[in-house]
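Reading through the structure tokens given below for one structure.
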Amino acid sequence: MLSGMALAGQAEGTIKQVSKENMTLTLDNGKSYKLNAEMDVDALSAGMEVVIAYDVTGGENVITDMQVVE
């Protein structure tokens, strides 16, 4: 395995918590995901169902794409 390689993943769930200070959200599965600077943190709130794509970079789950499930 290459040390600089990022792993990709996908997750689906309900937002349990959003931290504007840390730019993270936590899903009901207990895992935290880092929001990128382009995402509107104010538009996210607990209880929203989302599907996210993310890369694991430097030990953090960094969101690359997110869709709100209606």
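The values are calculated or read from the model by the stated rules, or taken from the named source; none is laboratory data. Nothing here was measured: the structure is a model prediction, and the numbers come from that model. Using ideal geometry, Cβ is built from the backbone for each residue, glycine included, and neighbour counts are taken over all protein chains shown. For the accessible areas, the whole protein counts, side chains as well, though only heavy atoms, and no ligand, DNA or RNA atoms are used. Shrake-Rupley method; radii C 1.70, N 1.55, O 1.52, S 1.80 Å.
Residue by residue, here is whether (1) in a strand (DSSP E or B); (2) open to solvent by 50 Å² or more (accessible area, probe 1.4 Å); (3) in contact with a His (Cβ under 6 Å, 6 or more places away or on another chain); (4) modelled with pLDDT of 95 or more holds:
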| site | (1), (2), (3), (4) |
| --- | --- |
| 8 | yes, yes, no, no |
| 14 | yes, no, no, yes |
| 30 | no, yes, no, yes |
| 38 | no, yes, no, no |
| 53 | yes, no, no, yes |
| 61 | yes, no, no, yes |
Over the stretch 16-28, the set of residues assigned to a strand (DSSP E or B) and more than 9 Å from the chain's Cα centre (by Cα) is 16, 17, 18, 19
Is there any pair with a first residue in the stretch 30-43 that is over 17 Å from residue 55 (Cα atoms) and a second that is loosely packed, with under 14 Cβ neighbours inside 10 Å whose Cβ atoms are under 7 Å apart and which are 6 or more apart or on different chains, and what are they? 41/20
